[in-house]
Amino acid sequence: MKTLIEFINEKQHDFPFATGELTRLLHDIGIAAKIVHREINMAGLTENMGYQGGDNVQGERQKKLDVFANQHFIRALQMGSQVCAIASEENEKMVVFDNPNSKIGKYVVAMDPLDGSSNIEVNIPVGTIFSIYRRKTNQGDPVSDKDLLQPGKEIVAAGYILYGSSTMLVYSTGNGVNGFTYDNSVGLFLLSHPDVKIPAKGNIYSINEANYIYFPEGIKKYIKYCQVDDPSTDRPYKSRYVGSLVSDFHRNMVVGGIYMYPGNLKNPVGKLRLLYECQPIAFLAKQAGGKATDGFHDILNIVPQSIHQRSSFIVGSEEMVTKVEDYMEEYSQDFRETLEHEGVIAL
Ligand code: AMP
Ligand code: P6P
């Protein structure tokens with residue numbers, strides 16, 4: 001089976017003028033993924049379970065493994081010197097590298113180093129989400145916000161690492177999606193899921209129904225649509241909600257389905273972060289033939305106004321996401337106004 005290293009190197013040959021900087025960056029992400037994989041797998045046996053003490057910028061209690069993952073991905077990317085700056089869920093401001101080599105790095109990275117980390121102590125899968133952009137400022141010039149506040153359509157590469165029953169690295173550089181499974185016995189990611197395609201429709205919907213009374217009318221209508229007993233359309237669908245975005249989304253990538261974390265009356269723009277959760281996942285979904293929206297706008301066309309901006313998020317099988325959009329168009333125009341009032345700007 002082809003290794004991740006061989007695969008990345010091969011793909012560089014499709015770009016004769018490539019310098020190898022993106023290749024090195026992707027390798028560095030693979031190395032950090034192995035280190036985080038090791039710590040997560042041993043969490044119950046080391047001092048790394050539990051809380052770090054204090055809250056992160058999200059106001060959420062920071063786990064020791066959040067800090068561990070953040071430190072190791074940042075260190076790997078800084079050592080590589082292809083990256084000049086990082087936006088991370090764990091850092092309030094963007095991390096600007098000031099070592100001479102990184103200052104001329106031509107890429108920036110937005111990442112959630114360990115999404116869903118509250119699930120670790122109950123042994124539920126968690127994930128790392130990353131996306132890579134070309135910087136907008138000239139190499140060597142000071143980094144600015146515009147280097148990171150780019151819409152998902154500008155993504156050069158994006159992926160996730162799912163620390164689940166097996167550890168997988170799934171990524172795309174804009175020419176399809178490929179999945180690699182980690183083989184502990186040899187310490188390598190091996191190509192296990194070539195050319196991933198999301199089925200156009202599935203029969204699984206994934207949403208935290210505890211928020212039902214606060215959902216926009218269009219979401220309520222779609223949930224009821226999923227529950228109708230109509231075997232000719234494979235309904236009622238199954239409800240599956242892990243509480244870990246990467247795990248719920250990966251299921252959609254493999255067998256089809258839809259994941260929804262919509263804005264609601266309590267949190268109009270939802271919970272998930274546009275830049276380092278919604279955009280990379282939306283990029284992967286589109287590359288695999290799926291779709292991602294906030295209910296009205298293609299996620300990849302929304303222009304982030306701040307690095308921790310939240311977004312309403314619906315992603316998965318193309319036909320299922322389109323059905324939600326139709327319901328939102330018919331029943332929740334008020335929600336469109338709310339999103340635009342809350343500052344959602346789409347190209
Ligand atoms: P580089 O000069 O290495 O930064 O690469 C320039 C561009 O070529 C990148 O931004 C990608 O669009 C493409 N590219 C280079 N290396 C790879 C690779 N290993 N896999 C996919 N695309 C690549
Ligand atoms: P809730 C994890 O905190 C996360 O960001 C996603 O991974 C997950 O889908 C969602 O939040 C769970 O949120 O409000 O349903 O617990």
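Numbers below:
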read-out: Sole exception among (1) of a type outside the set (A, V, I, L, M, F, W, C); (2) more than 16 Å from ligand 1 (Cβ to nearest atom); (3) assigned to a helix (DSSP H, G or I); (4) over 22 Å from the mean Cα position of the chain (by Cα) for ASN9, by number; value: (2)
read-out: Test for ILE29: is it open to solvent by 10 Å² or more (accessible area, probe 1.4 Å) and either part of a helix (DSSP H, G or I) or within 16 Å of ligand 1 (Cβ to nearest atom) (or both); value: no
read-out: Subset tally (residues that are closer than 25 Å to HIS308 by Cβ, out of contact with any Phe, Trp or Tyr (no Cβ under 8 Å at 6 or more places or on another chain) and open to solvent by less than 20 Å² (accessible area, probe 1.4 Å)) for segment 248-275; value: 3
read-out: Scope segment 6-26; condition in contact with a helix residue (DSSP H, G or I) (Cβ under 9 Å, 6 or more places away or on another chain) and open to solvent by less than 80 Å² (accessible area, probe 1.4 Å); matching residues; value: ILE8, ASN9, GLN12, ALA18, GLY20, GLU21, LEU22, THR23, LEU25, LEU26
read-out: Qualifying residue in segment 255-269 (condition: assigned to a helix (DSSP H, G or I), at pLDDT 95 or above and not assigned by TED's automatic domain parsing to the domain that holds VAL108); value: yes
read-out: Subset of segment 226-241 that is open to solvent by less than 50 Å² (accessible area, probe 1.4 Å) and in contact (Cβ under 8 Å) with a residue 12 or more places away in the chain - its residue that is farthest from the chain's Cα centre (by Cα); value: ARG235
read-out: Flag if TYR241 is closer than 19 Å to ASN119 by Cβ and part of a strand (DSSP E or B); value: no
read-out: Residues of segment 117-154 satisfying the condition of being closer than 19 Å to ILE74 by Cα and either modelled with pLDDT under 95 or within 16 Å of ligand 1 (Cβ to nearest atom) (or both); value: SER117, PHE130, SER131, ILE132, TYR133, ARG134, ARG135, ASP145, ASP147
read-out: One residue from GLY44, GLY80 being among the small types (Gly, Ala, Ser) and open to solvent by 60 Å² or more (accessible area, probe 1.4 Å); value: GLY44
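The values are calculated or read from the model by the stated rules, or taken from the named source; none is laboratory data. Note that this is a predicted model, so its numbers are computed, not measured. Every residue, glycine as well, gets a Cβ built from its backbone with ideal geometry; the counts of neighbours run over all protein chains shown. Calculation scope for accessible area: heavy atoms of the full protein, side chains included, ligands and nucleic acids excluded. Shrake-Rupley method; radii C 1.70, N 1.55, O 1.52, S 1.80 Å.
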